[in-house]
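The values are calculated or read from the model by the stated rules, or taken from the named source; none is laboratory data. Predicted model only: the values in this text are computed from it and were never measured. Ideal geometry is used to build each Cβ from the backbone, glycine not excepted, and the neighbour counts take in all protein chains shown. Protein only, heavy atoms only, side chains kept; ligands, DNA and RNA dropped before computing areas. Shrake-Rupley method; radii C 1.70, N 1.55, O 1.52, S 1.80 Å.
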Amino acid sequence: MSSESTSTIASTLLGQALLGRGHIAPADLDRALALKAQNPTDRLGAILVRLGALSEENLLAALTAQTGYPAVTLADIPRSGVDAALRRLDWPGARLQALRVCIWEDDEGIFSACAEDPLDASLQEAVEAEAGRSVQWHFIRNRDLERLLAGLSDGMDAQPIDAARYREMAEDGPVIAFVNNLIAQAIDERASDIHIEPGEFACETRYRIDGVLHTRSDFGLDRFPAVASRIKLIAGLDIAERRLPQDGRITLRAAGAEMDMRVSVVPAVHGESIVMRLLPKQRHDLRLEALGMEGDQLAQLRRWLDLPSGLVLVTGPTGSGKSTTLYAALSAVDDRTRKILTVEDPVEHRLPGIMQVQVQAEIGYTFARALRSFLRHDPDIIMVGEIRDRETAEIAIQSALTGHLVLATLHTNDALSAFTRLTDMGIEPYLVAAAVQAVMAQRLVRRLCARCAAPTEAPINAATELSRWPPASPPAWRVNVGCEQCQRTGYRGRLGIYELVDVSAELRHAVATMAAQGELERIAVCGGRRSLRQDGMLKARRGETTMAEVARVAGSSAASPG
């Protein structure tokens, strides 16, 4: 049987195995097989990874099951064994880098090797011929191989590279596969952001998962220009520009999912720092019921959304889920009987039936300018991505006072600080009091892993702090432990904690007369306000998160009296 026929059979078997495991869709397989027919020497798995239809983790699991070749990780390869093999073979580290192979010797003198494609017969023949002995071959993740080879660098000075060379590097097959797999792995681990940070000796890759950064791998500085160029190329950035910050956006397919990806590149001491924000095109959690609000809070929010006019503010720091809350709110009120306009920077998710506008500050199209144009566009509901300055605040308040419902975000630590923030911007207190109908603050806490969480004792002050909200079922306080499913963190996923404040007549008067913050707090508590900490404690009492996590996000001080 010819080698081409053997390759075709192997590809068919692998494709069917991946389909059976649910790792790829039939359309992905058809497209990959068509590309393989045009390039018979390419491996089907590598094509699927390059297309973004499959993550390397899932590919290796299928390949090890199909071929019997084991997979290794960094922890399985002793550096002493690599050094011993290089001494025995009298090879420089550059030889392994050229072959894209790592080879090591165990205590019994047996040689093992791992490569991007250990099934490559010509590679096996070349290595074993030079080694003069048989070698046990293994699969390895691309990023682990990069890290291994980075430690074998001969330390040669990098030569200047021109724009054409950067583009050539960006279109290199292994670089494409490396970047695609980096993104696919992030999606598999539910990461929201990918950070690529060049250091003095290596580049570090970190994923933000459930709001916390986790280091995943290192790769050599010599590979960074190619990786950076690839990311810039797909994001539509200037490949040759290395001195100025750049921002871009691209829609791509990775790990079988359609994603929008925002890319930010910032020059740093050791090279460009790259952050990629991953935004799924299809979001099934943009519903009010999916926000994690308590029943009374959800009813309160729905009342706000039924208001004919006024300003409703959602506050919190960056990454606290404010945009998700507003998107869910807009989805809930979009009954096709009202005109809904949004102005955002950037537009994170496309909402069907809603007119969304992207700010373009470089041409002078700011939040304020967009809002002015909105007032001539017959809106019923306006969403402002962020009130950043006095001009935007003035137009938002004007809109709220002239018959429009305005939903907006503001950066403050708690709900009541929103009034101070607006007056600090230069808005008259009486205008703030007249326009603002409701204020909400929120944070995101990590959700306990359902598989490994363990029971724990209730906090000493829990009964006192939650006396106004008796439990509907027996308390189930739990603590994080850590397992394989949650990557030893004890947490998997996130949920929101909220503080909602209705602007009553008493509170409106206090704002207009510039009452002290303590007075605003007293009025809000008397009106039934539940603090962020108290709302987090309710969720911890049900076993959804931990008190340590609530304290990390909302503070450890006692809640407001009441």
If the viscosity is 1.306 mPa s and the temperature 10 °C, what translational diffusion coefficient in µm²/s does Stokes-Einstein give for the stretch 174-232 when Rh comes from Kirkwood over Cα pairs? 136
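I need the GluC sites (Glu not before Pro) found in the stretch 389-464, filtered to DSSP loop residues with at most 14 other beta carbons within 10 Å of theirs. Don't jump to the answer; show the numbers that get you there.
Details: sites: Glu391, Glu394, Glu457; in loops: Glu457.
Sparse-neighbourhood loop GluC sites (Glu not before Pro): Glu457.
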If DNA, RNA and ligands are ignored and the probe is 1.4 Å, what is the ranking of Asp42, Asp222 by accessible area, most exposed first? Asp222, Asp42
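Please get the size of the charge dipole for the stretch 224-291, origin at its Cα centre, with Cβ charges of +1 on Lys and Arg and -1 on Asp and Glu, quoted in debye to the nearest 20. Intermediate results must be reported in sequence, preceding the final value.
Working: 11 positive and 8 negative charges, 17 e Å.
Computed about the Cα centre, the dipole is about 80 debye.
So how strong a dipole does the chain carry about its Cα centre when Lys and Arg Cβ are +1 and Asp and Glu Cβ are -1, to the nearest 20 debye? Before the final figure, lay out each step's value.
On the way: 63 positive and 73 negative charges, 347 e Å.
That gives a dipole near 1660 debye.
Rank Asp144, Asp306 by accessible area, highest first, at a 1.4 Å probe radius? Walk me through the intermediate numbers first.
Values: Asp144 5, Asp306 115 Å².
Descending accessible area places them as Asp306, Asp144.
So, R0 is 30 Å and r is the distance between the beta-carbons of Asp172 and Ala34; what FRET efficiency does that work out to, to 0.05? Don't skip to the answer; put the middle values down first.
Values: r = 22 Å, r/R0 = 0.73.
Efficiency, rounded to the nearest 0.05: 0.85.
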For the stretch 53-101, take the alpha-carbon Rg, divide it by the Kirkwood Rh, and send me Rg/Rh. 1.09
For a quick check: with amide H placed at 1.01 Å from N, whose amide H comes under 5 Å from Asp120's, ignoring anything fewer than 5 positions away on the same chain? none
For the stretch 228-282 and the stretch 525-557, what is the separation of their Cα centres, given in Å? 36
Which residue, Gly555, His509, Leu538, has the largest displacement toward the positive end of the dipole of the stretch 424-562 when charges sit on each Cβ (Lys, Arg +1; Asp, Glu -1)? Leu538
Starting from the residue with the highest accessible area, list His509, His214 in decreasing order, probe 1.4 Å. His509, His214
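Calculate, in nm to one decimal, what Arg338 and Ala454 gain on full extension: separation in residues at 0.36 nm each, minus their alpha carbon distance. Walk me through the numbers on the way to the answer.
Values: separation 116, 0.36 × 116 = 41.76 nm, distance 4.81 nm.
Gain on extension, Arg338 to Ala454, equals 36.9 nm.
If I compute solvent accessible area with a 1.4 Å probe over the protein chains, what percent of it on the chain is carbon and sulfur? Intermediate results must be reported in sequence, preceding the final value.
Details: 13000 of 25720 Å².
The computed percentage sits at 51.
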Probe 1.4 Å, all chains present, heavy atoms only: Glu386 accessible area in Å², nearest 10, is 40
Segment His270-Thr67, length gained on full extension (0.36 nm per residue, minus Cα span): 68.9 nm
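So if each residue of separation counts as 0.36 nm, and I subtract the Cα-Cα distance between Glu125 and Ala361, what length gain in nm does that give?
Values: separation 236, 0.36 × 236 = 84.96 nm, distance 5.82 nm.
Once the chain is fully extended between Glu125 and Ala361, it gains 79.1 nm.
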Can you list residues whose amide H is under 5 Å from Met355's amide H, if they're 5+ apart or on another chain and H is modeled 1.01 Å from N? Ile340, Thr342
Neighbour net charge for Ser264 - beta-carbon separation under 12 angstrom, K R +1, D E -1: +1
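Kindly give the semi-axes, whole Å and largest first, of the ellipsoid equivalent to the stretch 323-394, taking each as the square root of 5 times a Cα gyration tensor eigenvalue. It would help to have the intermediate numbers written out before the result.
On the way: eigenvalues 80, 37, 24 Å².
So the three semi-axes of the stretch 323-394 are 20, 14, 11 Å.
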Label-point separation in nm, Arg79 to Glu289, each point 7 Å along Cα→Cβ: 5.5
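Based on the Cα atoms of the chain, what semi-axes does the equivalent ellipsoid have, where each is the square root of 5 times one gyration tensor eigenvalue, given in whole Å with the largest first?
Semi-axes (√(5λ), whole Å): 52, 27, 22.
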Nearest 10 degrees, 0 to 90: helix 56-67 Cα axis against the chain principal axis: 40
With every protein chain in place, the accessible area of Phe111 for a 1.4 Å probe, in Å² rounded to the nearest 10, comes to 0
Projected convex hull area of the stretch 400-481, Cα atoms, direction-averaged, in nm², equals 9.1
Just checking the chain: which Cys have no other cysteine's beta-carbon under 4.7 Å? Cys102, Cys114, Cys203, Cys526
What is the magnitude of the charge dipole of the stretch 309-356 about its Cα centre, with +1 placed on the Cβ of each Lys and Arg, -1 on the Cβ of each Asp and Glu, and no other charges, expressed in debye to the nearest 20? 140
Rounded to 5, percent antiparallel among DSSP beta bridges of the chain: 65
Based on the Cβ-Cβ distance of Gln136 and Ser467, what FRET efficiency does E = 1/(1 + (r/R0)^6) give at R0 = 56 Å, to the nearest 0.05? 0.25
The stretch 299-352 to the stretch 43-74: how many Å between their Cα centroids? 42
Give a residue-ordered list of calculated ³J(HN,Hα) values for the stretch 395-408 (Karplus: 6.51 cos²θ - 1.76 cosθ + 1.60, θ = phi - 60°; whole Hz; x for Gly, Pro). 6, 4, 5, 4, 5, 5, 7, 10, x, 10, 8, 10, 9, 8
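What percent does the relative contact order of the chain come to when contacts are Cα pairs within less than 8 Å and at least six residues apart? Provide the component values of the computation, followed by the final result.
Working: 967 pairs, mean separation 52.1, N = 562.
Here the relative contact order equals 9 percent.
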Taking the Cα centre of the chain as the origin and placing charges on Cβ (Lys, Arg +1; Asp, Glu -1), which of Ser264, Leu520, Ile497 is farthest toward the positive end of the dipole? Leu520
